[in-house]
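Visitor: Just passing along the structure, written as structure tokens.
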Amino acid sequence: MFGRGRRQVEPEILAPEHEFAQEEVVRSRFWRTLKRAVGQIPFVEDVVAAYYCALDPQTPLRVRATLFGALGYFVLPTDAVPDILLGIGFADDISVLVGAIALASTHIKDEHRREARRALGREPVAG
């Protein structure tokens, strides 16, 4: 609420108990879903960097919740447009991911992007 003497209440994107907000769901399904969608997502490296940003405990909780919400929507097959529809199945997922990545862009660090490139085989592993 807004007003004099009232504490400002900020709405949550997803309630903490919401299935999409659960890190375990994203962790368990991310790579399998990404393999199916890789040809349909032109910014796959950004999606993987967002995944690593969401896993980073130094990322602010709000940003992590936003990213896990979007990634949860991506990995769960029951959404507005079923993912099995060839060509358009991931269209709604892409829209959600674009929005979340844009909101979190200042928190997606170079190290998250490097990890994404490594995971996608686009950068050699250090060592």
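Visitor: Can you compute the modelled spin-label distance between Trp31 and Leu103, with each label point 7 Å from Cα toward Cβ, in nm?
Guide: 2.8
Visitor: Quick one: accessible surface of Ile94, probe radius 1.4 Å, all protein chains present, in square angstrom to the nearest 10.
Guide: Near enough 40 Å² of accessible area.
Visitor: At 1.4 Å probe size, with no ligands or nucleic acids counted, give the accessible surface of Thr59 in Å², nearest ten.
Guide: Result for Thr59: roughly 10 Å² accessible.
The values are calculated or read from the model by the stated rules, or taken from the named source; none is laboratory data. The structure presented is a predicted model; accordingly, all values stated were derived computationally and were not measured. Methodologically, a virtual Cβ is constructed for each residue, glycine included, from the backbone with ideal geometry; neighbour enumeration extends over all protein chains shown. Areas reflect the complete protein model, heavy atoms only, side chains present, ligands, DNA and RNA absent. Shrake-Rupley method; radii C 1.70, N 1.55, O 1.52, S 1.80 Å.
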